[in-house]
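Report on the following structure.
The values are calculated or read from the model by the stated rules, or taken from the named source; none is laboratory data. The structure presented is a predicted model; accordingly, all values stated were derived computationally and were not measured. Here the Cβ positions follow ideal geometry from the backbone for every residue, glycine too, while neighbour counts run over all protein chains shown. Each accessible area value is taken on the protein alone, full model and side chains, heavy atoms only, with ligands, DNA and RNA left out. Shrake-Rupley method; radii C 1.70, N 1.55, O 1.52, S 1.80 Å.
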Amino acid sequence: RPPSPIKPLKGGLKGDNLPHCQSLKGEDRGPGRPPDKQVLRDGTDPLPLSSSDTCSEGVSPLPLLLPPWTCECAEAQRDLKGEDCFDSRRLVWGGEEVVVMLVADGHGGGEASRHCRDHLLDCYLASAAGDPSAPSLLRAGVAACERMHEEVVGMTTAGSTITIVALNLARLELSVCNLGDSEAWLVPRSGSPSRLTEDHRLDSSEPERQRVRGMGGHLAHAKNRAGDPAGPLRLWPGGVAQARSVGDADVGRFILPTPYVRTVPVPAAGCEVVVASDGIWDAIYPSMVAATLRGMRHQPALLAASAVVDRAVSQRHAYGCDGYLTPRDDTTCLLMRISGGATKAGRGGGGGGGGQAGGGQAKVVGRRHRRRHQGGGAAAAHRRRRARRRVRLPHGQGLGGGGAASPAERGALARGGAAASRPGGGSGGDAAGQGGAGGGVARRGERGARAGREGAQLGAHRHHQGGGRGGGGRRG
């Protein structure tokens, strides 16, 4: 059925019926104003309402609501010696969600790391006393590590490194405490990863070496069966490689149980936080961890953490070379995937600046898709250029056939050879020689002349581009 005609409104739409602006007809506009300009009754221009403006009737507009921030957590481990332990908690304090992760890498046995796994986070949360602010969490980390040290020293000579990362989703803060070489790294959406912890190995920490030597400690390498120094720098007695840890009663007063603490803000675009033992960081670089996580950004966090562990084990080899019976080290990876706010709005293409950015990117991608699949001008020109470069001789034909070319073709060959003889024009001369030879094979036909001209043009073009084979000029 044909559409029914639209009936005009009674009385029409006049300027007197518009409550806030004058009529958009040409006769009601002010003098000298463009046709698409909207003017208020007092002669001023209307401004777009923001979230803080109020309408003339006293009604506030709807606020801009962004999705809440979320944290997806995952844990992956390759247990070989039973010395790596981990724990995590998620709780709400005063309406603020807090996520806490712990990695304890034991040495000299697994008693110290297992004790920390069972009791450290309980002591940490009790010391914070329900206060989720960053200063409170940092003080709680120091108190918990020192208390664990006192307990472990009284029960075993084993020791353990400690790394605690607490995320406050309401304040978007990361509070970090660490002892030893179990590290935490922040992987942003783009750019290089950044270290959140401090390395307390004697091999790499000059301040720790100076502190231990100032206290009278002895630093030396262990010796292999031949009596030669081998392995990392160690503190004696005890032979530990870290200057800060929990336990290590045989080392004595040289071990410092006071952790390194810091607070960093969560990037506005979101990020991923990796808390792992030295089984990860000794095997692969942080940049490789970041590349693995970014390649699995749209996969579940558990698969991403498992991929990091698998890559570290395959790079390091899980077992030693003496019969593949002695494990090298435990490998543990804990992952926080933090996202929300502008990040989710940008993915959805709506709301705020993130939505506008997502829409602009989709528009650019759509334009590229149309050019590629609908034969746009740039794509068609690029295909023509590539077709001209693919000038090849028939199988079995030599370059001597160019002697039967016409004067026009010989001129094209001369121009191509001249271009090839200049510096950087070897490939152009080669292409010109092939074009001229193709013209000779065509018996002075129009096709041969066209091939010769195209070869000469391509030779001049490649001369301007620079680079090429020097011998191609003589060949042309």
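Inside the range 99-130, can you point out the residues that are among the aliphatic types (A, V, I, L, M) and either open to solvent by 10 Å² or more (accessible area, probe 1.4 Å) or assigned to a helix (DSSP H, G or I) (or both)?
112, 120, 121, 125, 126, 128, 129
On the basis of being open to solvent by 10 Å² or more (accessible area, probe 1.4 Å), more than 35 Å from the chain's Cα centre (by Cα) and either touching a residue at least 40 places away in the same chain (Cβ under 8 Å) or closer than 23 Å to residue 150 by Cα (or both), does residue 217 make the cut?
yes
Please go through the range 245-267 and give me each residue that is under 20 Å from residue 120 (Cα atoms) and out of contact with any helix residue (DSSP H, G or I) (no Cβ under 7 Å at 6 or more places or on another chain), ordered by number.
If the condition is that a residue be under 20 Å from residue 120 (Cα atoms) and out of contact with any helix residue (DSSP H, G or I) (no Cβ under 7 Å at 6 or more places or on another chain), then 245, 248, 255, 256, 260, 262 are the ones that fit.
Just to check your reading of the model, which residue among 139, 171 is within 22 Å of residue 70 (Cα to Cα), among the basic types (Lys, Arg) and surrounded by fewer than 24 Cβ atoms within 10 Å (Cβ to Cβ)?
After applying the criteria, what remains is 171.
Sort through 191, 239 and tell me the only one that's farther than 29 Å from residue 70 by Cα and out of contact with any Asp or Glu (no Cβ under 7 Å at 6 or more places or on another chain).
Answer to the selection: 239.
Looking at the range 220-233, which of its residues are farther than 20 Å from residue 107 by Cβ and open to solvent by less than 70 Å² (accessible area, probe 1.4 Å)?
Once the filter is applied, which keeps residues that are farther than 20 Å from residue 107 by Cβ and open to solvent by less than 70 Å² (accessible area, probe 1.4 Å), the range 220-233 yields only 227.
Determine whether residue 270 is touching a Gly at 6+ places or on another chain (Cβ under 6 Å) and open to solvent by less than 20 Å² (accessible area, probe 1.4 Å).
No: the conditions fail for residue 270.
Here's a check for you: in the range 234-248, which residue that is of a type outside the set (Ser, Thr, Tyr) and not in a strand (DSSP E or B) is surrounded by the most Cβ atoms within 10 Å (Cβ to Cβ)?
248
Quick one: residue 280 ticks every box in (1) farther than 30 Å from residue 173 by Cα; (2) modelled with pLDDT of 55 or more bar one, so which box is it?
So the condition that residue 280 fails would be (1).
Just name the residue that is farthest from residue 185 (Cα to Cα) out of those in the range 260-291 that are part of a strand (DSSP E or B) and within 17 Å of the chain's Cα centre (by Cα).
271
Find all pairs meeting these conditions: Cβ atoms under 9 angstrom apart; at least six residues apart or on different chains; first residue within the range 78-97 and under 18 Å from residue 316 (Cα atoms) and assigned to a strand (DSSP E or B); second residue acidic (Asp, Glu) and open to solvent by 40 Å² or more (accessible area, probe 1.4 Å).
78/310
From 183, 173, 97, grab the single residue that is among the charged types (D, E, K, R), touching a strand residue (DSSP E or B) at 6+ places or on another chain (Cβ under 8 Å) and within 21 Å of residue 79 (Cβ to Cβ).
Answer to the selection: 183.
So, in the range 174-208, how many residues would count as being open to solvent by 10 Å² or more (accessible area, probe 1.4 Å) and touching a helix residue (DSSP H, G or I) at 6+ places or on another chain (Cβ under 6 Å)?
3
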